[in-house]
Structures are given as C-alpha cells and as structure tokens.
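Contents: one structure, followed by commentary.
The values are calculated or read from the model by the stated rules, or taken from the named source; none is laboratory data. Predicted model, so just to flag it, every value in this text is computed and none were measured. Virtual Cβ from ideal backbone geometry, glycine too; neighbours counted across all protein chains shown.
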Amino acid sequence: MIRSIIVEDEIKSRETLKGLLSRFCPDVMVVAEAGGVQQGREVISKHKPDLVFLDIEMPDGSGFRLLDQSGQIDYDVIFTTAFDQFAIKAIRYAALDYLLKPIVPEELQAAVEKVRLHKEKKHNLRNIEVLLNNVNPANVEQKKVVLSTVEKIHVVELDRILRCESDNYYTHFYFTDGGHLLISKTLKDVEALLEGGSFIRPHKSHLINIKYIQNFSRDEGGVITLNSGDKIPVSRRKKEKILEIIHNL
C-alpha cells in the first residue's frame, strides 16, 4: 500500500483525484489532504507519506515553496498542474513526474507505477534538489538536468553539455570537459527536454549547444565547427534557420 497526501487548493480537484485513485490505483491510500502550502507542510510532517500529489499554484504559495521549506524530503512527488510552460520545463529537467489537469487515468497509473518502482528515495531527493535549483531566480545561469544511465543518476549543468548525438534509441551526451554519457532516450526526446534552452538541431542525428559554435562552413552543404573541434553536418532543409541563429549570436 502506498500512503499518499493530496495538496491542492481546489476541493473539486481533490475529490476528482481521490476518485481516480480509488478506481484506477486501488493500492494508493489517501491518508490526508491539504488546501495550501502551510497546511500541506503540517499534514506531511504528521503523516509521513510515501507519495505527495502536489499542486503548483496555490493561494498561499507554490508547491515549489512547500518543498523548499520542508527540510528532508523522504517521499515521492507527483505534481498536478494546469499547463505552465516554465513549471513543466523545470520538472522535466529534474526528471520528476507531473500530471496535467484534467488528469487522464492512464497517465495517473503510469506515474504511480514509477513510484512503485522507486527503491532508493535518495534519487528522488536529488531530483527535487535539482528542481528547486532551477526554479530559483538567482540560479538563472546554473540550470541543471538529471540524466539517468544504467549505473547512475547524473546531475548535469546545461552549460556543460557541448552536443548530443543520436544512436538509434539512445543518445550520446558529450561535455565541454571531454566527458561522455550514453542515455536511453531518443534524440527527439532529448530535444524536447532541452527545448527553449541554447540548443539547436542542425541535423537529424545531432543536437548542439549554440554557445560553443566556432564557425559555419558552406563546404559540403554546410558544416558547423564547435570549440572542441567537432564538425557537425547541417541538413539542407535546416540551413537557412541555422544561418539565421548564427547571425543573431
């Protein structure tokens, strides 16, 4: 049995989530509810849940604020939110789960299943630390992303990522210090994860950090050279867009 708490300011949303859990996730027991940040901290401290369903925007503050003020976090978190591009990007970077309202039963089941599979809570704590770092305005130049390999969970600053290269259902990450990781995500998934940052995809097999572009050569249709000396081909259909981005650097 997974002991859970729902922190959500709208009573109707709490009732809807409880109904979905009862029907589709019967092994998730709701032991308490809270309508805001302050009450949420109190019930979490009192009931010591395994899982918290946490709304992001509430009248007395955000779910991020609740986590930031909670001290040690030894429970899993699934965020529930209406669409918020900034919040969702921060959550994705931290490799945490979220559910968009209105909640779809299949997505709820998938998120709860991941909680069942979490055996080491310290991984969840590390991910939440990354999330709080990324939503802190003071850390605007120190954004991080969580990357999971077979052996470890890695917390990586975005500015350390030089380029990514597709390898079928995997992606190679190459870093400015010469390091390398192989991640079990497609390049399309990685592109979505890093969307809105300083990354562009000049070719179907490559994603690069524009901060490290050294020059663009028109040879062979188009080639970008990075500061590392790596040469990245530019596909014909993306050439104009890439040139526009480079001219605006």
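Scanning segment 151-181 for residues that are hydrophobic (A, V, I, L, M, F, W, C) and modelled with pLDDT under 95 gives ILE153, VAL155, VAL156, LEU158.
A search for C-beta distances below 7 Å between a residue of segment 38-51 that is within 15 Å of GLN72 (Cβ to Cβ) and any residue that is crowded, with 18+ Cβ neighbours inside 10 Å and of a type in the set (Asp, Glu), counting only pairs 6+ apart in sequence or on different chains, returns ASP50/ASP76.
Criterion applied to GLU195, GLU165 was being in contact with a His (Cβ under 7 Å, 6 or more places away or on another chain), among the acidic types (Asp, Glu) and in contact (Cβ under 8 Å) with a residue 24 or more places away in the chain, and the one residue passing it is GLU165. Can LYS238 be described as surrounded by 15 or more Cβ atoms within 10 Å (Cβ to Cβ), over 30 Å from LEU131 (Cβ atoms) and touching a residue at least 24 places away in the same chain (Cβ under 8 Å)? Spelling it out, LYS238 is indeed surrounded by 15 or more Cβ atoms within 10 Å (Cβ to Cβ), over 30 Å from LEU131 (Cβ atoms) and touching a residue at least 24 places away in the same chain (Cβ under 8 Å).
Residues in segment 200-249 that are among the hydroxyl-bearing types (Ser, Thr, Tyr), in a strand (DSSP E or B) and within 16 Å of PHE175 (Cα to Cα): 1 in all. For segment 47-54, the criterion of being modelled with pLDDT of 85 or more, surrounded by fewer than 19 Cβ atoms within 10 Å (Cβ to Cβ), touching a helix residue (DSSP H, G or I) at 6+ places or on another chain (Cβ under 6 Å) and charged (D, E, K, R) is met by no residue. Screening ARG116, ARG41 for residues that are over 27 Å from HIS154 (Cβ atoms), more than 16 Å from the chain's Cα centre (by Cα) and surrounded by 14 or more Cβ atoms within 10 Å (Cβ to Cβ) leaves exactly one candidate, ARG41.
Restricting attention to segment 99-108, does a residue exist that is assigned to a helix (DSSP H, G or I) and under 21 Å from ASN134 (Cβ atoms)? No; the residues of segment 99-108 include none that is assigned to a helix (DSSP H, G or I) and under 21 Å from ASN134 (Cβ atoms). I'd like the full set of residues that are part of a loop (DSSP other than H, G, I, E, B) and of a type outside the set (Asp, Glu), limited to segment 4-60. The answer is CYS25, PRO26, GLY35, GLY36, LYS48, PRO49, ILE56, PRO59. Here PHE24 fulfils each of the conditions (1) aromatic (Phe, Trp, Tyr); (2) closer than 30 Å to HIS154 by Cα; (3) in contact with a helix residue (DSSP H, G or I) (Cβ under 8 Å, 6 or more places away or on another chain) apart from (2).
Looking at ILE232, is it farther than 23 Å from ALA94 by Cβ, touching a residue at least 24 places away in the same chain (Cβ under 8 Å), buried (at least 16 other Cβ atoms within 10 Å of the Cβ) and not acidic (Asp, Glu)? Criteria met by ILE232.
Listed by first and then second residue, the pairs with beta-carbon distance under 7 Å, at least 6 apart or on different chains, first residue in segment 72-87 and among the charged types (D, E, K, R), second at pLDDT 80 or above and not in a strand (DSSP E or B), are ASP76/ASP50; ASP76/VAL115; ASP84/ILE56.
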